[in-house]
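Written below as structure tokens is the structure these notes are about.
The values are calculated or read from the model by the stated rules, or taken from the named source; none is laboratory data. A quick note: this is a predicted structure, and the numbers were derived from the prediction, not measured. Methodologically, a virtual Cβ is constructed for each residue, glycine included, from the backbone with ideal geometry; neighbour enumeration extends over all protein chains shown. Quick note on the areas: whole protein, heavy atoms, side chains included, nothing else; ligands and nucleic acids left out. Shrake-Rupley method; radii C 1.70, N 1.55, O 1.52, S 1.80 Å.
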Amino acid sequence: MKKQSEEIVISGSTISEGIAIGKLFLLSSGEEIMVPQFAIQETEVDSEIERYRDALSSSRIDLKKLQTFLTDEGSDEAVTIIDAHIQMLEDPLMTTHVEEKISQMLQNTESVFRSVIGEYEEKFEKIEDTFFHQRLIDVKDLSHRILKHLHPKEEEEVIPANAVVFAKELVPSHTAEACVSKVCAFISEIGGATSHAALIARAKGLPYVANIKEADIKEIEGCLVIVDGIDGKVILNPNIDTQEKYTRLQNSILESVQRKVASLPKETITLDGQKIVMAANIEGISDFDHPYFGAAEEIGLFRSEFLFLKKEIFATSEEEQHSLYHKIFDRAGDMPIVFRVLDIGGDKGFFQDAMQDEPNPALGCRAIRFLLKNKELFTRQLKALLRAAQGKKASILIPLVTDVSEVIEVKTLLNDIKEEFDAKRIPYAKEVPIGLMIEVPSAVLTADALAKECDFFSIGTNDLVQYTLALDRTNPMLSEHYHPAHPSILKLLKMVIDVAKKHHKKLSICGEMASNPLYTKLLLGLGVKNFSCAPRHIPKVQSKLLELNSEEAAVFARKVLKLEQFNEIEKALREDLID
Ligand code: PEP
Ligand code: MG
């Protein structure tokens, strides 16, 4: 038994580079799930098969949710790997074969499933080939997920914050599900550099060291551990000197990433000299520290509702909001910042003190509708905002506009506030541009009237897709129907871009479509010159724009606009991307 305080250095091999300091957490979820085994009657076969199908469909929902999370994180490789798991759920091994075995063996589903997978594992374990080994791990991972649905544990394992996770053999789900804010690194006994778990760890930028024997660390769960993914070692119970040395190393790695960002071109200019603005979508002060934030020229969307996640929104005073916004504008410095007023309700209905139960929240009291029904709350935010924006390049963005009357009402409210401030000699920003989020078809169809009442448009494709295709953006079961490049969306985009051009209004795109290089050429070709996305996506979109010619992109967009089916459009976009 090792002494708790002793520093121990164990050499392994680097799978994913980086340095992390955290608490050791031994993952037990790779362990065998104990399942009951009993005979069933022929009359019970159908219900056992039904139970199996339910477990497959719950697993599918899990994986779809995981993909949405990974897409938000920008881990594209991880999304593809999880896709393979989703496809495996349709493999005859997982479907018809298991169902036939339940009827033949006349045993409960879990035990039949375990025996089918056991046979499969035995067959593939003998083959010494990395491809087959990886396939085997994926099957084990997936079968573990299915078994958990067939036989749920009473309590799910909760990974503590800042955990260094150890598993004998990491499977893709472990690394994919490790929320970056919680898990800081991985260690395993078995594991190769080309495993799917390794690819995912690298995509997430989490250090991972393998070849560390379980027996060497088993007894010291919870101790401080340094994962050195540069030299391929793990240091248990590091002393103060070692901790300081590695903290310095972590800082110098961060500085070198920042230097790399600083070396990116300051401006995004296409091959034919078209200037494009790359802006960042941010949600809180910590986003300013993202290594790729420095690659943004502007803040194209500040989602203010995220500032109130842990606060009672109705109880946050004007003064509290003023000091919060002041801090944000200070951090933005000279950068233009588009500040979106509270977009709450719908999928963002996370404010218990503000929201009422509604039969259909997505079509309910959301965003500007909610604010205009809660004028006292809205006025407080606008007052704090106008005061904090003094001397800053800030503009106000109104979410989910559906009608021009809403814009007129907001402008009246702003004028009333300004008159009050003038009368009381309270300093505030006099000229704050007003922008409208174009996120519903009615806004696109009335864009001419809206343009006359505002300074700029920002297209929120996340909601525009939801409200045009009548499809809940948060429902993982519908994700296969969520097509940002659906012909209807492209028509709407073209309409609103043309209206902005006609009225000489600035237009940007801040929905997820702006962060996916698959759509970059098309959007450029449609006339988008301002792309706003989460900092982690900026380098890839910027690199894509740097290799494009806007004239050629316009020809491409015209060709794509003629296509009538979303699958033809998606095919054309994919083919062009790999061309
Ligand atoms: C959008 O709808 O595209 C958007 C950017 O807003 P949010 O995702 O915050 O609703
Ligand atoms: Mg939106």
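Hey, among Ala197, Ala203, Ala215, Ala193, which residue is among the hydrophobic types (A, V, I, L, M, F, W, C), open to solvent by 30 Å² or more (accessible area, probe 1.4 Å) and touching a Ser or Thr at 6+ places or on another chain (Cβ under 7 Å)?
None of the other options fit; the residue is Ala203.
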Report the residue count in segment 469-480 for those that are within 14 Å of ligand 2 (Cβ to nearest atom) and closer than 20 Å to Ser515 by Cα.
-> 2
Please verify whether segment 509-520 includes one or more residues that are in contact with a helix residue (DSSP H, G or I) (Cβ under 7 Å, 6 or more places away or on another chain), aliphatic (A, V, I, L, M), more than 13 Å from ligand 1 (Cβ to nearest atom) and farther than 22 Å from Glu298 by Cα.
-> yes
With criteria (1) over 31 Å from the mean Cα position of the chain (by Cα); (2) within 13 Å of ligand 2 (Cβ to nearest atom), Ile459 comes up short on (1)
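With the condition kept exactly as written, say whether any residue in segment 415-432 is surrounded by 15 or more Cβ atoms within 10 Å (Cβ to Cβ) and within 13 Å of ligand 2 (Cβ to nearest atom). First the steps, then the outcome.
Start the filter on segment 415-432 by keeping residues that are surrounded by 15 or more Cβ atoms within 10 Å (Cβ to Cβ), which leaves 417-418, 421, 428-429, 432.
Going one step further and asking which of them are within 13 Å of ligand 2 (Cβ to nearest atom), we end up with none.
Looking through segment 415-432, none of the residues is surrounded by 15 or more Cβ atoms within 10 Å (Cβ to Cβ) and within 13 Å of ligand 2 (Cβ to nearest atom).
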Any idea which residue in segment 464-499 is nearest to Gly527 (Cα to Cα), counting only those that are of a type in the set (A, V, I, L, M, F, W, C) and not in a helix (DSSP H, G or I)?
-> Ala485
Might you let me know whether segment 457-473 holds any residue that is away from ligand 1 (no atom under 16 Å from the Cβ), open to solvent by 10 Å² or more (accessible area, probe 1.4 Å) and touching a residue at least 12 places away in the same chain (Cβ under 8 Å)?
-> no
Could you list, in sequence order, the residues of segment 279-289 that are surrounded by fewer than 16 Cβ atoms within 10 Å (Cβ to Cβ) and in contact with a helix residue (DSSP H, G or I) (Cβ under 7 Å, 6 or more places away or on another chain)?
-> Glu283, Gly284, Ile285
Regarding Cys454, is this residue at pLDDT below 95 and either away from ligand 2 (no atom under 16 Å from the Cβ) or not acidic (Asp, Glu) (or both)?
-> no
Flagged in segment 420-479 as out of contact with any Pro (no Cβ under 6 Å at 6 or more places or on another chain) and of a type in the set (Val, Ile, Thr), in numbering order, are Ile426, Val432, Ile434, Ile438, Val440, Val444, Thr446, Ile459, Thr474
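Output yes when any residue across segment 541-549 is within 24 Å of Gln466 (Cα to Cα), in the same structural domain as Lys275 (by TED's automatic domain parsing) and surrounded by fewer than 21 Cβ atoms within 10 Å (Cβ to Cβ), and no when none is. Spell out the reasoning first.
Taking segment 541-549 and keeping what is within 24 Å of Gln466 (Cα to Cα), we get 541.
If we keep only those that are in the same structural domain as Lys275 (by TED's automatic domain parsing) too, we end up with 541.
Then drop every residue that is not surrounded by fewer than 21 Cβ atoms within 10 Å (Cβ to Cβ), which leaves none.
Checked against the condition, which is being within 24 Å of Gln466 (Cα to Cα), in the same structural domain as Lys275 (by TED's automatic domain parsing) and surrounded by fewer than 21 Cβ atoms within 10 Å (Cβ to Cβ), segment 541-549 yields no hits at all.
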Considering residues that are touching a strand residue (DSSP E or B) at 6+ places or on another chain (Cβ under 7 Å) and open to solvent by 30 Å² or more (accessible area, probe 1.4 Å), the number found within segment 290-302 is 2
Quick one: would you say Ile497 is of a type in the set (A, V, I, L, M, F, W, C), more than 22 Å from the chain's Cα centre (by Cα) and assigned by TED's automatic domain parsing to the domain that holds Ala362?
-> yes
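Every residue, every condition in (1) touching a residue at least 60 places away in the same chain (Cβ under 8 Å); (2) touching a strand residue (DSSP E or B) at 6+ places or on another chain (Cβ under 8 Å); (3) closer than 16 Å to Ser173 by Cα, yes or no:
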{"position": "Ser58", "(1), (2), (3)": "yes, no, yes"}
{"position": "Ala78", "(1), (2), (3)": "yes, no, yes"}
{"position": "His85", "(1), (2), (3)": "yes, no, yes"}
{"position": "Leu93", "(1), (2), (3)": "no, no, no"}
{"position": "Glu99", "(1), (2), (3)": "no, no, no"}
{"position": "Arg114", "(1), (2), (3)": "yes, no, no"}
{"position": "Tyr120", "(1), (2), (3)": "no, no, no"}
Can you confirm whether segment 363-385 contains a residue that is within 30 Å of Asp334 (Cα to Cα), open to solvent by less than 10 Å² (accessible area, probe 1.4 Å), among the small types (Gly, Ala, Ser) and more than 14 Å from ligand 2 (Cβ to nearest atom)?
-> yes
Give the residue that is nearest to the chain's Cα centre (by Cα), with candidates limited to residues of segment 268-278 that are surrounded by 11 or more Cβ atoms within 10 Å (Cβ to Cβ) and part of a loop (DSSP other than H, G, I, E, B).
-> Thr270
Select from segment 149-183 the residues that are under 23 Å from Met94 (Cα atoms) and modelled with pLDDT of 85 or more and list them in ascending order.
-> His149, Leu150
Scope segment 500-524; condition at pLDDT 95 or above, assigned to a loop (DSSP other than H, G, I, E, B) and open to solvent by less than 10 Å² (accessible area, probe 1.4 Å); matching residues | Cys510
Restricting attention to segment 553-579, the residues that are open to solvent by 60 Å² or more (accessible area, probe 1.4 Å) and touching a residue at least 12 places away in the same chain (Cβ under 8 Å) number exactly 8
